[in-house]
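Participant: Let me begin by handing over the structure; questions about it come next.
The values are calculated or read from the model by the stated rules, or taken from the named source; none is laboratory data. Source: prediction; values computed, not measured. Counting neighbours? That spans all protein chains shown, and the Cβs are built from the backbone with ideal geometry, glycine included.
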Amino acid sequence: MSAVSMWSPHALATTTPPITIPSKISKPVTDWCTPLVARLPKISDSDCRNSKVQPAGANSANGFPILVRDIAADPRRKQALKVLLLGGIHGDEQTASAIVFKWMEVMHKPAAQEFQWKVAPVVNPDGLLAVKPMRVNARGVDLNRNFPTPNWQQDAPRYWAKTTRSDPRRFPGKAPISEPESRWVYDTIEKFKPDVIISVHAPFGVLDFDGPVTPPRRFGRLIYNRVGVYPGSLGNYSGLHKDIPVVTIELPNATVMPADAEVQRIWLDMLGWIKRNVPAQAKLAQR
Ligand SMILES: [Zn+2]
């Protein structure tokens, strides 16, 4: 039996909160850069095209492709660490996607080539492309509350109802990985088996961390400060449940990019932390 079939979506009495649902896309999207760059601060059409992102083979709820780029490590490196870099799981955090495009411009440099990368700059395209960018996906689900953490069935709806007072921006969905976008992240973790996951958000201006290794102290101006553990979050699922370290980068502003120098400092500090602190999953399993 697969892990997923154990959950019954019927057990929940929650209703989907009212949310403006963007309309479905009627035909396959071939020009993804034009709509995306209209929403991404400081990212030009050529930045998007040069990133060479390609459809990952999974679409958003509305039918927009989830875009991914695989970048191999320097071939002389045997068993390079695998990094899964995710931007924009919340669609209204535009800088979180934009900074991932910026970093993709420097991934051919030696410091980045130590690692094998899988990069998805826009995990929630429907949220980003909504008439007014929104945190949730097109079905009104907060993807970062939709991962299959233990006891999701009890904890996620209860947390939503009690702690968030049924905030429509934080609806966890009716079942874990009920959404194509969170399902894609889940499947990618299973198949790619990353040694570390970096997920970029905004606007809290801090670093959060979940997992079995030493947390980062600071990347650029961003200082480590626990934001919290939530039922169904990616950090909770991967970092605490799957033992894959997850760094959550919270940029200080959702619509205004950090200065170029800060964009680079965060990047270099992140690479340094991975190199010093992240062991290969195989080694972690032996501990
Ligand atoms: Zn966020």
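Participant: If you go through region 174-191 one residue at a time, do you hit one that is more than 13 Å from GLY232 (Cβ to Cβ), modelled with pLDDT of 95 or more, of a type in the set (Ser, Thr, Tyr) and under 17 Å from the mean Cα position of the chain (by Cα)?
Facilitator: Yes.
Participant: A follow-up question, please. Report whether or not GLY220 is within 16 Å of the ligand (Cβ to nearest atom) and either modelled with pLDDT of 95 or more or not basic (Lys, Arg) (or both).
Facilitator: Numbers: within 16 Å of the ligand (Cβ to nearest atom): no; either modelled with pLDDT of 95 or more or not basic (Lys, Arg) (or both): yes.
Criteria not met by GLY220.
Participant: Any residue that is within 16 Å of the ligand (Cβ to nearest atom), touching an Asp or Glu at 6+ places or on another chain (Cβ under 9 Å) and polar (S, T, N, Q) - is there at least one of those in region 129-140?
Facilitator: yes
Participant: Let me ask something additional. Taking region 79-90 on its own, how many of its residues are under 21 Å from TRP273 (Cα atoms), assigned to a loop (DSSP other than H, G, I, E, B) and either of a type in the set (Gly, Ala, Ser) or within 16 Å of the ligand (Cβ to nearest atom) (or both)? Working first, answer last.
Facilitator: From region 79-90, those under 21 Å from TRP273 (Cα atoms) are 79-87; that's our starting set.
From what's left, assigned to a loop (DSSP other than H, G, I, E, B): 79-81.
With either of a type in the set (Gly, Ala, Ser) or within 16 Å of the ligand (Cβ to nearest atom) (or both) added as a condition, the list becomes 80.
Of the residues in that region, 1 qualify.
Participant: LEU207 fails exactly one of the following numbered conditions: (1) surrounded by fewer than 22 Cβ atoms within 10 Å (Cβ to Cβ); (2) away from the ligand (no atom under 13 Å from the Cβ). What is the number of that condition?
Facilitator: (1)
Participant: Which residues, taken from region 223-241, are more than 14 Å from the ligand (Cβ to nearest atom) and either without any contact (Cβ under 8 Å) to a residue 24 or more places away in the chain or assigned to a loop (DSSP other than H, G, I, E, B) (or both)?
Facilitator: ILE223, TYR224, ASN225, ARG226, VAL229, PRO231
Participant: Tally up the residues in region 36-78 that are surrounded by fewer than 20 Cβ atoms within 10 Å (Cβ to Cβ) and part of a helix (DSSP H, G or I), please.
Facilitator: 6
Participant: Can you name the number of the only condition in (1) surrounded by fewer than 24 Cβ atoms within 10 Å (Cβ to Cβ); (2) more than 16 Å from the ligand (Cβ to nearest atom); (3) outside any helix (DSSP H, G or I) that ALA111 fails?
Facilitator: If we test ALA111 against (1) surrounded by fewer than 24 Cβ atoms within 10 Å (Cβ to Cβ); (2) more than 16 Å from the ligand (Cβ to nearest atom); (3) outside any helix (DSSP H, G or I), just (3) comes out false.
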